[in-house]
Amino acid sequence: MIEALLLVALLAGGMAIVAAARSLVRVIIGAEVATMAGIWGAALSGDLSLVAAATVAGVAETVLMVATLFRAAREGYV
C-alpha cells in the first residue's frame, strides 16, 4: 500500500512541477519525474517486459522533448 501512495505522490509531484513551470527546462524535469513514476510503477508490477517497454518509452520521450527544446531555443521561442 505504501508503494502505491509513493507512486501517486511521485506522479502528482511531476505534474505539479509541470503546472508550476516557468521555463521549458522545468517542464522537461517535471515530465521526467512523471516518466520515472511510470517506470517505477511498472517495476512494482513485477513484469519485466512492462518495465522494458516503459523504459524505452521514457527514453524516446526524453529525446523528443530535448530535441523540441533545442529547436524552440534555436528559433527564438525560449
- Task: Whole number in Å², please: accessible area per residue of the chain, 1.4 Å probe, ligands, DNA and RNA not counted.
- Result: 69
- Quick calc, residue 15 & residue 43: beta-carbon distance into FRET formula, R0 25 Å, rounding 0.05, result 0.80
- Among (i) 88; (ii) 55; (iii) 75, which is the computed volume of the Cα convex hull per residue in Å³? (ii)
- Note on the structure: Computed for the chain: size of charge dipole around the Cα centre, +1 on C-beta of each Lys and Arg, -1 on C-beta of each Asp and Glu, debye to nearest 20, value 360
- Query: Spin-label point model (7 Å from Cα, Cβ direction): what's the residue 75 to residue 32 distance in nm?
  - Reply: 2.4
- Message: If packing is taken as the average number of other Cβ atoms within 10 Å across a peptide's residues, how do 33-45, 58-70, 7-19 rank, most packed first?
- Response: 33-45, 7-19, 58-70
- Query: Ignoring ligands, DNA and RNA, what percent of the 1.4 Å accessible area of segment 1-75 is carbon and sulfur?
  - Reply: 76
- Task: Over the chain, calculate the relative contact order: mean separation of alpha carbon pairs under 8 Å at least 6 apart, over the residue count, as a percent.
- Result: 27
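The values are calculated or read from the model by the stated rules, or taken from the named source; none is laboratory data. Because the structure is predicted, anything quoted here is derived from the model rather than measured. Glycine gets a Cβ as well: all are built from the backbone with ideal geometry, and neighbour counts include every protein chain shown. Remember, those area values only see protein heavy atoms, side chains included, never the ligands or the DNA or RNA. Shrake-Rupley method; radii C 1.70, N 1.55, O 1.52, S 1.80 Å.
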